[in-house]
1. Report, in degrees rounded to the nearest 10, the 0 to 90 angle that the Cα long axis of helix 185-199 makes with the longest principal axis of the chain.
2. Going by a ≥ b ≥ c, the root eigenvalues of the Cα gyration tensor, does the range 13-80 fall in the rounded group (a/c under 1.5), the prolate group (a/b larger than b/c) or the oblate group?
3. Taking the dipole about the Cα centre of the range 9-164, with the C-beta of Lys and Arg at +1 and of Asp and Glu at -1, give me whichever of T61, A142, P95 is farthest to the positive side.
4. Consider the candidate values (i) 18.1, 68; (ii) 16.7, 54; (iii) 15.5, 44; state which one is Rg and Dmax of the Cα atoms in Å computed from the structure displayed.
5. Calculate, for the chain, the solvent-accessible area per residue in square angstrom, rolling a 1.4 angstrom probe over the heavy atoms of the protein chains.
6. Could you give the dipole magnitude of the range 40-120 about its Cα centre, charging the beta-carbon of Lys and Arg +1 and that of Asp and Glu -1, in debye to the nearest 20?
7. Could you sort 127-140, 147-160 so that the peptide with the highest average Cβ count within 10 Å comes first and the rest follow in order?
8. What ranking, highest mean first, results for peptides 63-76, 85-98 when packing means the other Cβ atoms within 10 Å averaged over each residue?
Amino acid sequence: MDASATPGIPLRSHTGTVYRFDPGALCLELLTTGGPGPFRRHEVLHAPADLAAWAERCRLTPTPQLQITDSEMADARRLRDALFRIALARTRDEPPAPDDLATLNEAAAHPPLTPAITPDGRRRWATPATGTQLLSTVARDAVDLLTGPLADRIRTCAAADCHLIYVDTSRPGRRRWCSMENCGNRHKVRTHRARRSQQD
């Protein structure tokens, strides 16, 4: 698995501004497609083409040529929701639900996407690639993250109205915002205004 030159998913803020959100891991990029409970209103995975479109935006390079079924779409939403709850539990230092772990492990047990090399020396994914293989690749990435050295750095954005989950891959481990372009900048503006009002 290669990381793209500019990792992250393009998102749109409440004001309509487009910014890039880099959650630091492939599995956490899937969480930008919706989620369980109140996050269902952000759902974007409605049809197989939606999951294929996500694969084009995520850090998997090159983009795999996928054949995705409706049942695999349902599996994608189920895995995504389980990952969301597992990651959120990790940020709260709580144990994940056994059913969510079972969903993650079941997805990871399938064969993942298979890398290959072209005659001219470029990387590609063996075809045909299925939605199940894509989900296995995502699930295995989640297992690596949750059992690796960065597991304690899984966090949610510090903005009260933002619930994006990321892994802090910075060296000092002090990342607070989903993106400095969005929530970080809003915080700076609010802080600056508060200081000016105190001076007036």
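1. Compared with the principal axis, the helix lies near 0 degrees.
2. Values: a/c = 1.74, a/b = 1.17, b/c = 1.49.
Oblate, because a/c is 1.5 or more while a/b does not exceed b/c.
3. Sorting the options by dipole projection puts first T61.
4. (i)
5. On the way: 11160 Å² over 200 residues.
Using a 1.4 Å probe on heavy atoms only, each residue of the chain averages 56 Å².
6. 300 debye
7. On the way: 127-140: 20.9, 147-160: 14.3.
With the highest mean Cβ count within 10 Å placed first, the list reads 127-140, 147-160.
8. Working: 63-76: 16.8, 85-98: 14.8.
Taking the mean over residues of other Cβ atoms within 10 Å, the ranking is 63-76, 85-98.
The values are calculated or read from the model by the stated rules, or taken from the named source; none is laboratory data. The structure displayed is predicted, hence computed values, not measured ones. Cβ: placed from backbone, ideal geometry, glycine included. Neighbour counts: every protein chain shown. Each accessible area value is taken on the protein alone, full model and side chains, heavy atoms only, with ligands, DNA and RNA left out. Shrake-Rupley method; radii C 1.70, N 1.55, O 1.52, S 1.80 Å.
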